[in-house]
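These notes are about the structure you will find just below.
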Amino acid sequence: MYISSDGNYSNVFTLDGRSRLVCMQLGLIEDLIGNQLGDNGGNFLRLGRSLIINTDYIYFIDVGKQQLILSDCSGSWHELTASREVLIKLKAYLESLIKVELNEKD
């Protein structure tokens, strides 16, 4: 669902609620996602210096509280904190995707 940085390590949080500490910096993980998943890696988005999220699980964005909630709507729920600037950019990005999809349907 998401990956958070922890110095030279990263914590990988999976859909089943598990977390794993890996000996890789977030930048390296970001590169691996792009190299291994190619176009399918487009669901993973880097937010600032400390977070990569899977956009498929975005449930709610609260810019005022600087909160991002990821959920699969079946029990997996993660409340994350991000800067206002990052969340504003994320909302704008998601809105632009929605506009593109609506234009393609017309």
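The values are calculated or read from the model by the stated rules, or taken from the named source; none is laboratory data. Computed from a predicted model, the values in this text were never measured in an experiment. Glycine gets a Cβ as well: all are built from the backbone with ideal geometry, and neighbour counts include every protein chain shown. What goes into the accessible areas is simple: the full protein's heavy atoms, side chains included, and nothing from ligands, DNA or RNA. Shrake-Rupley method; radii C 1.70, N 1.55, O 1.52, S 1.80 Å.
Give the angle, between 0 and 90 degrees and rounded to the nearest 10, that separates the Cα long axis of helix 84-105 from the longest principal axis of the Cα atoms of the chain.
Orientation of helix 84-105: about 50 degrees from the principal axis.
Angle between the Cα long axis of helix 26-37 and the longest principal axis of the chain, 0 to 90 degrees, nearest 10?
The angle comes out near 60 degrees.
For the chain, compute the orientation-averaged projected area of the C-alpha convex hull (one quarter of its surface), in nm². Write out the running numbers ahead of the final one.
Numbers: hull surface 29.8 nm².
That works out to 7.5 nm².
List the relative contact order of the chain as a percent without decimals, with contacts defined as Cα pairs under 8 Å and 6+ residues apart. Please list the in-between numbers first.
Values: 145 pairs, mean separation 19.1, N = 106.
It comes to 18 percent, rounded to a whole number.
Could you provide, to the nearest whole Å², the per residue accessible area of region 40-97 with probe 1.4 Å?
Heavy-atom SASA per residue in region 40-97 reads 59 Å².
Taking every Cα atom in region 27-68, find the radius of gyration and the maximum pairwise distance Dmax, and write them in Å.
11.8, 36
For Lys89, give me every one of the aspartates and glutamates with a C-alpha distance below 13 angstrom, ignoring sequence neighbours fewer than eight places off in its own chain.
Within the straight-line limit of under 13 Å, Lys89 reaches these aspartates and glutamates: Asp62.
Treating the beta-carbon of each Lys and Arg as +1 and of each Asp and Glu as -1, no other charges, what is the dipole magnitude of the chain about its Cα centre, to the nearest 20 debye? Provide the component values of the computation, followed by the final result.
Working: 10 positive and 14 negative charges, 68 e Å.
Taking the Cα centre of the chain as origin, the dipole is about 320 debye.
On the principal axes of its Cα set, how long, how wide and how thick is region 63-106? Give whole Å, largest value first.
On the principal axes, region 63-106 reaches 36, 29, 11 Å in Cα extent.
Only Cα pairs under 8 Å and at least 6 apart count here; give the relative contact order of region 48-98 as a rounded whole percent. Numbers along the way, then the final one.
Details: 51 pairs, mean separation 13.7, N = 51.
This gives 27 percent for region 48-98.
By how many nm would the segment from Glu101 to Arg20 grow when fully extended, if each residue of separation counts as 0.36 nm and the alpha-carbon distance is taken off?
Details: separation 81, 0.36 × 81 = 29.16 nm, distance 3.49 nm.
Result: 25.7 nm gained on full extension.
Rounded to a whole number, what % of the accessible area of the chain do carbon and sulfur atoms account for, probe 1.4 Å? Provide the component values of the computation, followed by the final result.
Working: 3470 of 7120 Å².
That fraction is 49 percent.
Per residue of region 63-73, what does 6.51 cos²θ - 1.76 cosθ + 1.60 with θ = phi - 60° give for ³J(HN,Hα)? Whole Hz please, x for Gly and Pro, Karplus curve as stated.
The phi angles translate into 5, x, 8, 6, 10, 10, 10, 10, 7, 9, 6 Hz.
Select from Leu68, Gly27, Thr81 the residue farthest towards the positive end of the dipole of the chain; place +1 on Cβ of Lys and Arg, -1 on Cβ of Asp and Glu, and compute about the Cα centre.
Thr81
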